[in-house]
Each structure stands twice: as structure tokens, then as C-alpha cells.
Amino acid sequence: MMMVGFKGSLTSAVLNDWKIRQFGGLIVVPINQNAHDAAAIRQLIQSVRGVMAHPLLVSTNQEGGTVCFVETGVPCLAGARQAGPHGPSAVQSEMSSMSQGLKGLGFDINFAPVADVWDGVHLFMSERSYGQNPQAVAQDVTAAIAGIHAAGMYAAAKHFPGHGSADADSHLKLPLVSESAQTLRDRDWVPFRAAIAARVDMVMVGHLNVPAIDGTAPTSMSLAVIQDLRSELGYQGVVISDDMQMGALSPQYPPPAAAVRFLENGGDMVIVSHDIEVADAAYDAIHAAVQSGSYPRSQLDASVQKLLNLGLRYMP
């Protein structure tokens with residue numbers, strides 16, 4: 001139920017930690033500087049897989065454009081803003097090509113596509129969104145998922161409930177989305193509905209302040225947000241958090257407590273991207289929550305079953 005990354009090369013201590021904890025997923029991203037070429041990335045993934053007692057989901061981000069992983073050697077093709085105007089077939093082709101390259105290195109999940117509808121004002125998502133028209137974005141999101149699936153990889157629609165009108169970068173601080181609940185339903189959720197119809201494998205919940213849905217907590221800490229995704233959009237698949245180490249949450253919401261709250265509220269998998277010590281603390285916090293009963297064992301088992309079922313689809 002944890003997608004974990006770490007900084008630097010794979011040491012025997014980190015590998016031993018993996019052997020003990022048996023995290024469900026490995027996330028490899030450029031900022032962690034785990035490996036500097038394709039061969040080293042492939043070896044890293046094989047080494048971690050070698051200590052696992054269960055199938056390991058290995059993920060990265062290759063949206064194209066401004067979000068790519070140069071060290072993989074997989075060509076970085078056009079991003080959403082550039083690909084979108086060329087239509088769904090171009091989006092599908094480019095996403096399939098990039099995902100095939102990642103699959104060849106041992107990755108299972110490409111954390112794409114961005115399903116956010118850009119509002120035309122706030123710049124953070126302007127390059128990463130397929131545009132301002134919800135129906136056109138929905139078509140491109142559907143095409144991107146088809147491209148990722150064609151490569152035999154899992155796709156993740158992000159960042160629910162919609163990052164397109166956020167006033168800041170959630171890597172740095174908690175952004176405000178001041179839209180009404182009706183606007184979110186009518187505009188922002190259209191591509192997420194399309195992603196669900198396209199059998200997207202995961203929906204990623206972003207770290208946002210959306211008072212129209214929940215004025216008391218960030219979206220990733222909000223029961224109301226996950227209930228909207230489950231009930232109103234009818235999504236029963238894997239709900240994954242954005243990285244719990246992002247600046248949007250810290251220091252007010254430390255990753256261990258944030259991870260527990262996300263899972264208690266109905267999430268299925270949490271990402272802790274950068275520090276193995278923080279991942280260990282989150283693991284211990286989740287374990288304690290199960291033992292105390294605040295996070296029911298039956299709920300944990302249901303999420304684990306979803307993740308195991310996911311692993312049957314494309315994994316070797």
C-alpha cells in the first residue's frame with residue numbers, strides 16, 4: 001500500500017530495508033538521482049525486485065514536455081500543451097511510444113495522464129494540461145490512457161479533484177482552488193469521468209485547498225473528496241495519493257500522519273517519494289493505526305486485494 005522512493009544510489013542498507021518492509025511499489029524519479037543511465041535504472045529495478053516476496057509495482061513520471069526522465073534514455077516527446085492541438089491520435093501515439101520505452105526498463109506505471117483542465121489564468125498547469133475545453137481534454141486523456149495501456153503499462157489520471165485552476169505549485173505550498181463545487185463537477189471532473197470510462201488503473205488525489213468541497217483539510221486528507229470520487233464519479237479502482245513529502249503538506253501534515261489519514265478516508269496507496277526513513281515512519285504509523293483499530297484491517301485487506309488484482313493485468 002506504499003509507493004516508496006529514496007535518494008541516491010541503492011545501498012545494501014536501503015535494499016535490506018526493502019527486504020524487511022516489503023513496500024508495494026518503487027518510484028524512481030530524476031530528483032532522487034538513483035541512477036544515471038538506462039542500464040543502471042534497469043539494474044536498480046531488478047535489484048529491488050530480487051528481494052520482494054510479492055509483485056512490485058515500479059513507477060515514474062513521463063508525461064512528455066516539461067515532465068520527463070532524461071536518464072532513462074526514453075525520448076521525451078511533446079507535452080500535453082503541444083500534443084493536444086494535434087488531436088487524440090497524436091496523444092495516443094506519443095504516450096504509447098514513451099511508455100514502451102519505460103516498460104523496457106522494468107517500469108509498470110507511468111503516472112500520466114494529467115486530467116486537469118487548465119483555467120487559462122494560473123500558469124502552473126498550463127504546460128501539463130491538454131487544454132481549457134473539458135470535452136477536448138477528456139478525449140486526449142482517453143487517448144493517453146489507451147497509449148499507456150497499449151504499451152502494457154498502468155495509467156494514473158491526476159490530480160483529482162482538479163489542479164487546473166490552482167494558484168500555486170503543490171510541490172512548494174498548498175494551492176488554493178477557489179472554484180465552486182458546480183464548476184468542478186461541470187468542468188474539472190469531465191476528464192476524470194472519461195478516464196474512469198477508459199478503465200484508468202489509478203486516480204491520483206492531489207494536495208489542494210478546495211473550500212467548496214472541504215474547508216477543513218487538504219484534498220488528500222479529505223473524506224469528502226474521496227467520497228465524491230467513489231460515489232459521484234463511481235470510481236471503484238485504486239486511489240493513490242500524490243507524494244506525501246510535497247511542500248503542500250509539510251510541515252503542517254507530516255507524512256506518517258498524512259498517510260494514515262488518506263488511507264483511513266478510503267485511499268488505497270500512498271506515495272512517499274524521497275526518504276526511506278520517512279517511508280519507514282509512515283509504515284510504522286499505518287501499522288499502528290491497524291493495531292489500534294482506527295484503520296480497519298478489513299479496509300486494508302480490500303485495498304491490498306485491489307492492488308494485487310491490478311498486478312495481474314500487465315505485470316510479468
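The values are calculated or read from the model by the stated rules, or taken from the named source; none is laboratory data. Computed from a predicted model, the values in this text were never measured in an experiment. All Cβ positions, even for glycine, are placed from backbone atoms using ideal geometry, and neighbour counts span all protein chains on display.
Taken together, the criteria exclude A257 from residues that are surrounded by 16 or more Cβ atoms within 10 Å (Cβ to Cβ), in contact with a strand residue (DSSP E or B) (Cβ under 9 Å, 6 or more places away or on another chain) and within 29 Å of T11 (Cβ to Cβ).
For segment 299-316, the criterion of being crowded, with 19+ Cβ neighbours inside 10 Å, farther than 30 Å from G104 by Cα, at pLDDT 95 or above and not polar (S, T, N, Q) is met by no residue. When segment 220-248 is filtered for residues that are among the polar types (S, T, N, Q) and within 14 Å of the chain's Cα centre (by Cα), the ones remaining, listed by number, are S220, S241, Q245. The set of residues from segment 103-113 being farther than 18 Å from D242 by Cβ and buried (at least 24 other Cβ atoms within 10 Å of the Cβ) comprises F107, D108. The residues on offer are P175, P191, and the sole one that is touching a residue at least 40 places away in the same chain (Cβ under 8 Å) and out of contact with any helix residue (DSSP H, G or I) (no Cβ under 7 Å at 6 or more places or on another chain) is P175.
When segment 243-271 is filtered for residues that are free of Cβ contacts under 8 Å to residues at least 12 places away in the same chain and among the hydroxyl-bearing types (S, T, Y), only S250 remains.
Of all residue pairs spaced 6 or more apart or on separate chains, those with beta-carbon atoms under 7 Å, a first member in segment 223-237 that is of a type in the set (D, E, K, R) and a second member that is surrounded by 14 or more Cβ atoms within 10 Å (Cβ to Cβ) and in a loop (DSSP other than H, G, I, E, B) are D228/P161; D228/I213; R230/G266.
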